[in-house]
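S.K.: Encoded as structure tokens, here's the structure I'll be asking about.
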Amino acid sequence: LECLPKGCFINKTLTGSGGSTLAILEEGYTAIAVPRLLLVHNKRQQHSHLFDVHGGIKQSDLMESVERGHKKYICTYDSLGRLVEALGENVVKYDLLVDEAHVMIREAGEFMASVSNRLLDCCFSFASVTFLTATPTDRRYPPPSLAKLPFVTIEWEGMSKVEVKKCKVGSDLNTKAAAIVLDIVDGGKGVPFVFYNSLTGIVSVVKLLQRLRK
């Protein structure tokens, strides 16, 4: 791809694949909204022509950049309203990319409801709006304004589909994790790779495997 599709919800399926970078480098006027200030700083360090919009930027400096016809902006979700206000009637020149769109949907039901609603109120003022994520929310749950957008899934050459098997586990998670590992190893199904988000849990599983299989 040389540019992202416009006016749709994109499941890029692969993290770190350069979706927002495409929007930054392509020709034309672009605004990018991201959920965290750290992401704003990270992209600004990589691309010096980006104008970053967040709580630490003066509105007068932002207005001055608009008057100069700046083409590329990146802002936090919270600051998109400020950017729209500064752009004024020029907002219709810009394509908007809402990156990490799953965050906007997920946190709308938690602590970011007002931020997410303001973002949705602003985003359709632009020439086009594209929502991008590698981990999309189930299509039953996005707000109606997003559900109406075409849903695009990017298919990468050479990728294989991974089957995810789910199981409900009670309180004895370590025993279950060890049982899964042993099922793979004893059944000659290959080498298991386990991600366990608990250091004490990892230690417990390793000790249990050592006892069971020396």
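The values are calculated or read from the model by the stated rules, or taken from the named source; none is laboratory data. Model, not experiment: these values are computed from the prediction. With ideal geometry, Cβ positions are generated from the backbone for all residues, glycine too; neighbour counts draw on all protein chains shown. What goes into the accessible areas is simple: the full protein's heavy atoms, side chains included, and nothing from ligands, DNA or RNA. Shrake-Rupley method; radii C 1.70, N 1.55, O 1.52, S 1.80 Å.
S.K.: Here is a list: 121, 186, 138. Which entry is of a type in the set (Asp, Glu) and surrounded by 12 or more Cβ atoms within 10 Å (Cβ to Cβ)?
M.R.: 121
Yes/no matrix, rows are residues, columns are (1) closer than 30 Å to residue 194 by Cα; (2) in contact (Cβ under 8 Å) with a residue 12 or more places away in the chain:
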position: 103; (1), (2): yes, yes
position: 116; (1), (2): no, yes
position: 120; (1), (2): no, yes
position: 158; (1), (2): yes, no
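S.K.: Right, something else. Would you check if there is a residue in region 47-58 being of a type outside the set (Phe, Trp, Tyr), part of a helix (DSSP H, G or I), out of contact with any Pro (no Cβ under 9 Å at 6 or more places or on another chain) and without any contact (Cβ under 8 Å) to a residue 60 or more places away in the chain?
M.R.: There is no residue in region 47-58 that is of a type outside the set (Phe, Trp, Tyr), part of a helix (DSSP H, G or I), out of contact with any Pro (no Cβ under 9 Å at 6 or more places or on another chain) and without any contact (Cβ under 8 Å) to a residue 60 or more places away in the chain.
S.K.: Sticking with this structure for a sec: All but one of (1) under 24 Å from residue 155 (Cα atoms); (2) touching a residue at least 60 places away in the same chain (Cβ under 8 Å) hold for residue 39; which doesn't?
M.R.: Answer for residue 39: the failing condition is (1).
S.K.: Next question, about the same structure. Quick check, is residue 152 within 18 Å of the chain's Cα centre (by Cα), closer than 18 Å to residue 33 by Cα, at pLDDT 85 or above and of a type in the set (A, V, I, L, M)?
M.R.: It is false that residue 152 is within 18 Å of the chain's Cα centre (by Cα), closer than 18 Å to residue 33 by Cα, at pLDDT 85 or above and of a type in the set (A, V, I, L, M).
S.K.: Any residue that is within 19 Å of residue 134 (Cβ to Cβ) and among the polar types (S, T, N, Q) - is there at least one of those in region 43-61?
M.R.: yes
S.K.: Residue 154 fails exactly one of the following numbered conditions: (1) without any contact (Cβ under 8 Å) to a residue 24 or more places away in the chain; (2) open to solvent by less than 80 Å² (accessible area, probe 1.4 Å); (3) of a type in the set (A, V, I, L, M, F, W, C). What is the number of that condition?
M.R.: Failed condition: (1).
S.K.: Further question: Give all pairs with beta carbons closer than 9 Å in which a residue from region 181-204 that is of a type in the set (Gly, Ala, Ser) meets a residue that is part of a loop (DSSP other than H, G, I, E, B); count only pairs at least 6 apart in sequence or on separate chains.
M.R.: Close Cβ pairs satisfying both conditions: 204/198.
S.K.: Looking at this structure, is residue 99 over 15 Å from the mean Cα position of the chain (by Cα) and within 30 Å of residue 59 (Cβ to Cβ)?
M.R.: no
S.K.: Ok, one more. Of the residues 94, 77, 29, which single one is closer than 17 Å to residue 130 by Cα and under 14 Å from the mean Cα position of the chain (by Cα)?
M.R.: Every option except 77 fails the conditions.
S.K.: So which residues in region 72-99 are in contact with a strand residue (DSSP E or B) (Cβ under 9 Å, 6 or more places away or on another chain) and either more than 22 Å from residue 120 (Cα to Cα) or of a type in the set (A, V, I, L, M) (or both)?
M.R.: 74, 80, 83, 84, 86, 87, 91, 96, 97, 98
Matching residues to (1) in contact with a Ser or Thr (Cβ under 9 Å, 6 or more places away or on another chain); (2) crowded, with 22+ Cβ neighbours inside 10 Å:
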site: 32; (1), (2): yes, yes
site: 43; (1), (2): yes, no
site: 50; (1), (2): no, no
site: 61; (1), (2): no, no
site: 67; (1), (2): no, no
site: 73; (1), (2): yes, yes
site: 81; (1), (2): no, no
site: 88; (1), (2): no, no
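Residue-by-condition table, conditions (1) over 17 Å from residue 32 (Cβ atoms); (2) touching a residue at least 12 places away in the same chain (Cβ under 8 Å); (3) assigned to a helix (DSSP H, G or I); (4) among the acidic types (Asp, Glu):
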site	(1), (2), (3), (4)
63	yes, yes, yes, no
87	no, yes, yes, no
91	no, yes, yes, no
98	no, yes, no, no
129	no, yes, no, no
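S.K.: To continue, here is another question. When you scan region 161-183, how many residues do you find that are at pLDDT below 90 and either surrounded by 10 or more Cβ atoms within 10 Å (Cβ to Cβ) or aromatic (Phe, Trp, Tyr) (or both)?
M.R.: Residues in region 161-183 being at pLDDT below 90 and either surrounded by 10 or more Cβ atoms within 10 Å (Cβ to Cβ) or aromatic (Phe, Trp, Tyr) (or both): 2 in total.
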